[in-house]
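Visitor: Quick one: the structure is below, and I'll ask about it shortly.
The values are calculated or read from the model by the stated rules, or taken from the named source; none is laboratory data. Worth saying up front: this structure is predicted, and the values here are computed from it rather than measured. Quick reminder, even Gly has a Cβ in these numbers, built from the backbone with ideal geometry, and neighbours come from all protein chains shown. The area values use the complete protein model at the heavy-atom level, side chains included, leaving out ligands, DNA and RNA. Shrake-Rupley method; radii C 1.70, N 1.55, O 1.52, S 1.80 Å.
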Amino acid sequence: METAPKPGRGVPPKRDNPQAKRKKPRRYWEEETSPAAAGASPGPPRKKARTREPRPQRSKSVHIAHKSRFCKQPHRTLSGAQDPFPGPAPAPVEGARKFRRIDKSKELPHSKPKTRSKLERAEAQEEEASIRAARAELLLAEEPGFLEGEHGEDTAKILQTDIVEAVDIASAAKHFDLNLRQFGPYRLNYSRTGRHLALGGRRGHVAAFDWVTKKLMCEINVMEAVRDIHFLHSEALLAVAQNRWLYIYDNQGIELHCIRRCDRVTRLEFLPFHFLLATASETGFLTYLDVSVGKIVTALNARAGRLSVMAQNPYNAVIHLGHSNGTVSLWSPAMKEPLAKILCHRGGVQAVAVDSTGMYMATSGLDHQLKIFDLRGTFQPLSGRTLPQGAGHLAFSQRGLLVAGMGDVVSTWAGQGKASPPSLEQPYLTHRLSGHVHGLQFCPFEDVLGVGHSGGFTSMLVPGSAEPNFDGLENNPYRSQKQRQEWEVKALLEKVPAELICLDPRALAEVDVVTLEQHKKERIERLGYDPDAKAAFQPKAKQKGRSSTASLVKRKKKVMDQEHRDKVRQSLEQQQQQQQQQEKAKPPGARPSVLDRFVR
């Protein structure tokens, strides 16, 4: 009886039916093959044998620049379409130069290859960051405002009512007056975000509110004279210089601290990156208070009598004090003496202001002079103007506009741009108030000038005074309470020590060679020897009998002879240089003398 064979045992394999075999689908990124070519090779296509070309040898002297990790090669699309704009997006050269922090004029030092590669890598990353910042600048949609007259019209004659009628409703609402004659005159201060405003009346009235929405945060009467008022790192804390001591309030008007070590305070300034509150007093002391820990950092005696004129440099956090003898002194908490003294006026100094770039300082004195000084090392006056009445208050805007309060008149001067000094020839805007000016400040990120006077408070519109775009991670006017708390934690972690305040902040990254040499000399005198001196040559031991006494002595002598030759060569070069200098010092018409052979 025949049995059917089991599958897989002795059964010949079935032949594949070419018609029944499914054809592999062609993808859209694969190239289409012709039928003739497909019939010629029914199997899978064979790979072509690749011939490797010899790689060109690169000389060691040729330097290959390190590729930045930010640069990425453009990917080829799956559809095979080509990018109509290949390569990275072009960046404006001027914009990249503005954000660049590395000086390209200085060459890299001659150091070890590993150190030099690290420096080159850091320089490439910095260059890429500046290019990215220049590209991101195109996303800033807001542009600064401006004011132009028609047919040669003088902009100083344009009234605030005309500006209010010409602008939109939202901008027109930023111009308002507060009639507060009962408790005036008033001092004012805007928060760093430009959203909140604090007012302090001489007769004890203290108020803080959101000036955009006109929502009142707190309003109290301290029943004591108020000399100055200032926000701290946020709008949640408020410092008030009262008649006797310094007080700290919260945004609900609750008294938190009474600092009795700061007495008879006349002016307040807050350094946001150092969390320092600087106070100037009638006793002539400049006091720095660290608000993060509540301790006095230092108290400096200016030895110039009563201090009533004070301003800070936003660039380097140096405090500028104006004195009655016509000088302006620059102070840092790290020094007991002033960093510099500038003679500005023949009479006493009435007001001082420093622009946001830290390059220009404006001063006014009792001699009715308004001057602008260069703070980039020269401390020389750039321009000046005689005013019919001395300016009692000065302030700079974020874009370099200068405002001066003279009695009940406010005058504004504009320049060519942010980094240029204002031109004092023709005023940009003028406005007459209902009382004498007692405080001036431009609102950050808004074309608004706040003026505190004896009749209350006035909010003026000054087109082109503020930066149109803000950094949402640093000063966000629309941040919530949770965002503010997160920002406070990060700001405290990044707090700059008070000892680092100096005239040139960039000097912190450089090496003080003079001080280093002085410390090295003192160390040698204290120890009696130079610990960093070159040690005597000790030859290493070798194997197979090559470390005999004679060979060791021979190697030592060879090294000593080489050092001796180097010293002799250096001495000869120095002698040649001295002879050349002496020949240059001789007059051209001098005759040679017989005694010149004895001159050494």
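Visitor: Is the C-alpha gyration tensor of segment 173-283 telling us rounded, prolate or oblate? Criteria: a/c under 1.5 is rounded; beyond that, a/b larger than b/c is prolate, otherwise oblate.
Guide: Oblate shape, in that a/c is at least 1.5 and b/c is the bigger or equal ratio.
Visitor: Let me ask something else about it. Between beta-carbons, use under 13 Å as the cut-off and find the net charge around TYR288, counting Lys and Arg +1, Asp and Glu -1.
Guide: Surrounding charge for TYR288 is 0.
Visitor: Shifting gears a bit: Sorted by packing (mean other beta-carbon atoms within 10 Å per residue), highest first, where do 209-217, 413-421 land?
Guide: Highest mean packing first, the order is 413-421, 209-217.
Visitor: Also, quick follow-up: Might you work out the accessible area of LYS520 for me, using a 1.4 Å probe with all protein chains in place, and round it to the nearest 10 Å²?
Guide: Roughly 90 Å² of LYS520 is accessible to a 1.4 Å probe.
Visitor: May I pose another question? Which pairs, out of LYS520/LYS556; LYS214/LYS482; LYS341/LYS371; LYS174/LYS482, put more than 18 Å between their alpha-carbon atoms? Let's see the in-between values first.
Guide: Working: LYS520/LYS556 30 Å; LYS214/LYS482 22 Å; LYS341/LYS371 16 Å; LYS174/LYS482 27 Å.
Cα-Cα > 18 Å for LYS520/LYS556; LYS214/LYS482; LYS174/LYS482; rest within.
Visitor: Continuing with this model, one more query. Across segment 83-90, in residue order, what do the Karplus-derived ³J(HN,Hα) couplings come to in whole Hz, using 6.51 cos²θ - 1.76 cosθ + 1.60 with θ = phi - 60° and x for Gly and Pro?
Guide: Computed from phi, the couplings for segment 83-90 are 6, x, 10, x, x, x, 5, x Hz.
Visitor: How high is the relative contact order of segment 381-452, in percent, counting Cα pairs under 8 Å that sit 6 or more residues apart?
Guide: 28
Visitor: Could you name the aspartates and glutamates whose alpha carbon sits less than 19 Å from that of LYS557, not counting residues in the same chain fewer than 8 places away?
Guide: In chain and number order, the partners are ASP566.
Visitor: A further question follows. When the accessible area of segment 431-563 is computed with all protein chains present and a 1.4 Å probe, what percentage of it is carbon and sulfur?
Guide: 55
Visitor: Let me ask you something else. Between ARG569 and SER593, what length comes free when the chain is fully extended (0.36 nm per residue of separation minus the Cα-Cα distance, one decimal in nm)?
Guide: Taking ARG569 through SER593 to full extension adds about 5.7 nm, to one decimal.
Visitor: Related question: Mind computing the radius of gyration and Dmax over the alpha-carbon atoms of segment 264-332? Å is fine for both.
Guide: Answer for segment 264-332, Rg first and Dmax second: 11.4, 36 Å.
Visitor: Need the full-extension length gain, PHE99 to GLU150, defined as separation in residues times 0.36 nm minus the C-alpha distance. One decimal, nm.
Guide: Here the segment from PHE99 to GLU150 would lengthen by 14.7 nm.
Visitor: Something else about it: When a/c reaches 1.5 or more, the comparison of a/b and b/c decides; with that in mind, is segment 351-505 rounded, prolate or oblate per its Cα gyration tensor?
Guide: Cα axes put segment 351-505 in the oblate bin.
Visitor: Around GLN562, with a cut-off of 12 angstrom between Cβ atoms, what is the net charge of the other residues, counting Lys and Arg +1 and Asp and Glu -1?
Guide: On the way: positive: ARG555, LYS556, LYS557, LYS558, ARG565, LYS567, ARG569; negative: ASP561, GLU563, ASP566.
That works out to +4.
Visitor: Show the residues, 5+ positions off or on another chain, whose built amide H is closer than 5 Å to the amide H of ASN189.
Guide: Hits under the 5 Å cutoff: ALA198.
Visitor: How large is ³J(HN,Hα) for each residue in segment 139-151, as worked out from phi by the Karplus curve 6.51 cos²θ - 1.76 cosθ + 1.60 (θ = phi - 60°), to whole Hz, x for Gly and Pro?
Guide: 7, 6, 7, 7, 10, x, x, 7, 9, 10, x, 8, 6
Visitor: Could you pull out every residue, at least 5 positions away or on a different chain, whose amide H is within less than 5 Å of the one on GLY365? Hs are placed 1.01 Å off N in the peptide plane, and Pro or chain starts have none.
Guide: Long-range HN contacts for GLY365: GLN350, ALA391.
Visitor: Here is a further query. Would you work out the charge dipole size for segment 110-208 about its Cα centre, treating the Cβ of every Lys and Arg as +1 and the Cβ of every Asp and Glu as -1, and quote it to the nearest 20 debye?
Guide: With only Lys, Arg, Asp and Glu charged at Cβ, the dipole is about 1180 debye.
Visitor: Right, something else. For segment 312-380, which whole-number percentage of the solvent-accessible area (1.4 Å probe, protein heavy atoms only) is attributable to carbon and sulfur atoms?
Guide: 52
Visitor: Nearest 0.05, what FRET efficiency do SER383 and ARG203 give at R0 = 41 Å with Cβ-Cβ as r?
Guide: Values: r = 39 Å, r/R0 = 0.95.
Plugging the Cβ-Cβ distance into 1/(1 + (r/R0)^6) gives 0.55.
Visitor: A further question on this structure: Amide H of THR298 versus every other amide H placed in the peptide plane: which residues, excluding those fewer than 5 positions away on the same chain, fall under 5 Å?
Guide: For THR298, the qualifying residues are TYR288.
Visitor: Excluding residues fewer than 8 places away in the same chain, name every one of the aspartates and glutamates whose C-alpha is closer than 16 Å to that of LYS554.
Guide: Reachable aspartates and glutamates: GLU563.
Visitor: Let me ask another. Straight-line reach from LYS586: which aspartates and glutamates fall under 15 Å, measuring Cα to Cα and dropping same-chain residues less than 8 apart?
Guide: ASP596
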